[in-house]
1. Just grab the label-to-label distance for residue 142 and residue 121, each label 7 Å out from Cα along the Cβ direction, in nm (one decimal).
2. So what are the three principal axis dimensions of the range 113-171 from its Cα atoms, in whole Å, longest to shortest?
3. Please work out the average accessible area per residue across the chain, using the 1.4 Å probe convention, and give it in Å².
4. So which residue, out of 113, 35, 13, gets the largest mean-square fluctuation from a GNM of the chain using Cα contacts under 10 Å as springs?
5. Give me the distance between the Cα centres of the range 108-138 and the range 1-79, rounded to whole Å.
6. Using θ = phi - 60° and the Karplus form 6.51 cos²θ - 1.76 cosθ + 1.60, what ³J(HN,Hα) does each residue of the range 148-158 get, whole Hz, x for Gly and Pro?
7. Among (1) 1, 8, 18, 22, 23, 18, 8, 2, 0; (2) 1, 7, 14, 16, 16, 16, 14, 10, 5, 1, 0; (3) 1, 8, 15, 18, 16, 13, 10, 8, 6, 3, 1, 0, 0, only one was calculated for this model; which label is it, if the read-out is P(r) over Cα pairs in 5 Å bins from 0, in percent?
8. Once Rh for the range 1-81 is found with the Kirkwood sum over Cα pairs, what is the Stokes-Einstein diffusion coefficient at 10 °C and 1.306 mPa s, in µm²/s?
Amino acid sequence: MAPEWLLLFLCVHGAKHCWERLNWVADVARMIDGHVALDWEGLLAESEESGSRRMLFIGILLARDLFATPLPAQIAARVEADAEAARLARELGENLVSDAYRKKGAGARLSLHFRMRERFRDRVRYARHVALTPSVRDFESIRLPKYLSIMYLPMRPLRLVRELTGLGKRP
């Protein structure tokens, strides 16, 4: 895998998991510091095309801020120009040293995932995925025979609404 692709992959992976582990940031720092000849323009173009530019910027900012990873001046300027990426990097950096974030639950993760996407269409696509794709919790919430597994699709949004609104909870 080309180092640019690996760097983008590491940043998207870290974003998916809300940068919960410091070693993921360390991997990004090593990629940036260890590959002086990165094709930054190609990397930025690919991240823009795939809708993962902000995720890339957050990973780069975390590596710079937590590991003092040096960045080429033109890249540092472009990364710092994304104010939301800078806010998210600060927030996620603080989350790494605090247990408060883990106690906030799924709503906080959803909010972070939305904010890490800079394009409206990517936010809509993510919302659709979250609302309609059954998860392990859906399969565990009710056991259905294999021939009825299609029923998990309509049950997913219903379970999410119940969880988010607190309906169906016993006092």
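The values are calculated or read from the model by the stated rules, or taken from the named source; none is laboratory data. These numbers were taken from a predicted model, which means no experiment stands behind them. No Cβ is skipped: glycine too gets one built from the backbone with ideal geometry, and neighbour counts run over all protein chains shown. These accessible areas exclude ligands, DNA and RNA; they are computed on the full protein's heavy atoms, side chains included. Shrake-Rupley method; radii C 1.70, N 1.55, O 1.52, S 1.80 Å.
1. Rounded to a tenth, the inter-label distance reads 3.6 nm.
2. That gives 39, 34, 15 Å along the principal axes, largest extent first.
3. Each residue of the chain exposes 61 Å² on average to a 1.4 Å probe.
4. Maximum among the listed residues: 35.
5. 22 Å
6. The phi angles translate into 9, 4, 4, 5, 5, 4, x, 6, 4, x, 5 Hz.
7. Read-out taken from this structure: (3).
8. For the chosen part, D equals 129 µm²/s.
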